[in-house]
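Following: one structure in structure tokens, then a few remarks.
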Amino acid sequence: MYKIVSKEILNVDVELMTVEAPFVAKNAKPGNFLIVRVDENGERIPLTIVENDETSVTIIYQKLGYSTTMLSRMEVGDSLHDVVGPLGQPTHIREDAKRILGIAGGVGSAPLFPQLKEYARRGAHVDLVIGGRTKEHLILVDKYKQFCENIYYATDDGSFGTKGFVTQVAETLYQEKTYDLSIVIGPLIMMKNAYLLNKRYNIETDVSLNPIMIDGTGMCGNCRVTINGKTKFACVDGPDFPADGIDFDELMARQGYYKEQEKHICNLRLEPKK
Ligand code: NAD
Ligand code: FES
């Protein structure tokens, strides 16, 4: 069960894995996520279902800490201990949105992919602004080319496309094009800034949130987010939400809570790969 059928290194930080998980695969819709554990004592890792067929699911992970590094050490033919899903609400498709701009920052290109693909499948015109630290950090570009009408690139170091952030490229674009909806996924600060930009141009914004999750079923409260003064749980009410009213500053403050513990665990437990 949960055998790894393929694995691809996308860049120095990010990898793609396809895993046999028939129940999850059959029932997954764009926007759903799953939780994997590498072994029975493993931390629960929530990941967007990027693609699925009848029997397998594709996930993309960034090697950030102990658990994702352990996941990265698994090879084709190995099996994950468990895969739970599909979890969360499928993306709410806005039927009246016909001109969509996806804005992807770094590894945020992974959760954005199934959403944009679904809009394109339904006949919307889809453009993409994709950004990363360097050219190497622009992931899934060939897959996006299969359905995006135009792709605009930004890199922090100028190694490909415009030198600068995705928001700069989007703002230039807004001088000549108009969109009904922008779906923005990446670091919180990028989603906040893109939302504020879109608001100035009267463009609706949807985002995907990935606060710390534990159970993924609405029980632990870790993934809470304040939207228009009300508490929502990203795992059961999201992870996709309209950006209007999200308290991004609170989310950013909470994101760093466990950084020191994570560093400590990595130092204690992460032995070199044999
Ligand atoms: P990164 O820090 O390399 O940034 C990616 C791009 O985002 C940059 O190249 C730039 O174009 C844009 N960006 C960064 N700061 C910006 C700013 N201040 N204003 C405007 N644009 C800005 O990203 P990364 O290391 O690939 O991604 C890691 C982050 O993405 C983590 O914080 C992770 O939590 C988040 N993430 C979010 C989701 C989600 O579903 N929301 C999924 C995966 C990862
Ligand atoms: Fe526990 Fe959402 S992950 S409530």
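Coordinate-derived values only; no laboratory data. Since the model is a prediction, treat every value here as computed from it, not as a measurement. Virtual Cβ from ideal backbone geometry, glycine too; neighbours counted across all protein chains shown.
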Longest segment of the chain lacking GluC sites (Glu not before Pro) that sit in a DSSP loop with at most 13 other Cβ atoms within 10 Å:
177-274
Tell me the angle of helix 109-121 to the major Cα principal axis of the chain, expressed in degrees between 0 and 90 and rounded to the nearest ten.
60
Could you work out how far the C-alpha centroid of region 144-195 sits from that of region 198-244, in angstrom?
21
Any idea what diffusion coefficient region 152-214 gets from Stokes-Einstein, in µm²/s, Kirkwood Rh on alpha carbon pairs, 4 °C, 1.567 mPa s?
103
Not counting the cut sites, what is the longest span of the chain without chymotrypsin sites (Phe, Trp or Tyr not before Pro) that DSSP labels loop and that have at most 16 other Cβ atoms within 10 Å?
1-146
Based on other C-beta atoms within 10 Å, arrange 56, 208, 109, 79 from fewest to most.
79, 56, 208, 109
What residues have an amide H closer than 5 Å to that of residue 156, excluding those fewer than 5 places away on the same chain, when H is modeled at 1.01 Å from N in the peptide plane?
132, 133, 134, 164
What is the chain's relative contact order, in percent, from Cα pairs under 8 angstrom and six or more apart in sequence?
16
Region 1-56: proportion of alpha-carbon pairs further apart than 16 angstrom, %:
47
Nearest 10 degrees is fine. How inclined is helix 259-269 to the longest principal axis of the chain, computing both from alpha carbons?
30
Gaussian network model of the chain, Cα within-10 Å springs - most flexible of 143, 98, 192:
143
Amide H of residue 51: which non-local residues (sequence gap of 5 or more, or other chain) have their own amide H closer than 5 Å, using H built in the peptide plane?
58
Enumerate the calculated ³J(HN,Hα) couplings along region 194-201 in order (Karplus 6.51 cos²θ - 1.76 cosθ + 1.60, θ = phi - 60°), each rounded to whole Hz, writing x wherever the residue is Gly or Pro.
5, 4, 5, 5, 4, 4, 5, 9
Apply the Karplus parameterisation 6.51 cos²θ - 1.76 cosθ + 1.60, with θ equal to phi minus 60°, to every residue of region 41-51 and state each ³J(HN,Hα) to the nearest whole Hz, in sequence, with x for glycine and proline.
9, x, 5, 7, 10, x, 9, 5, 7, 7, 8
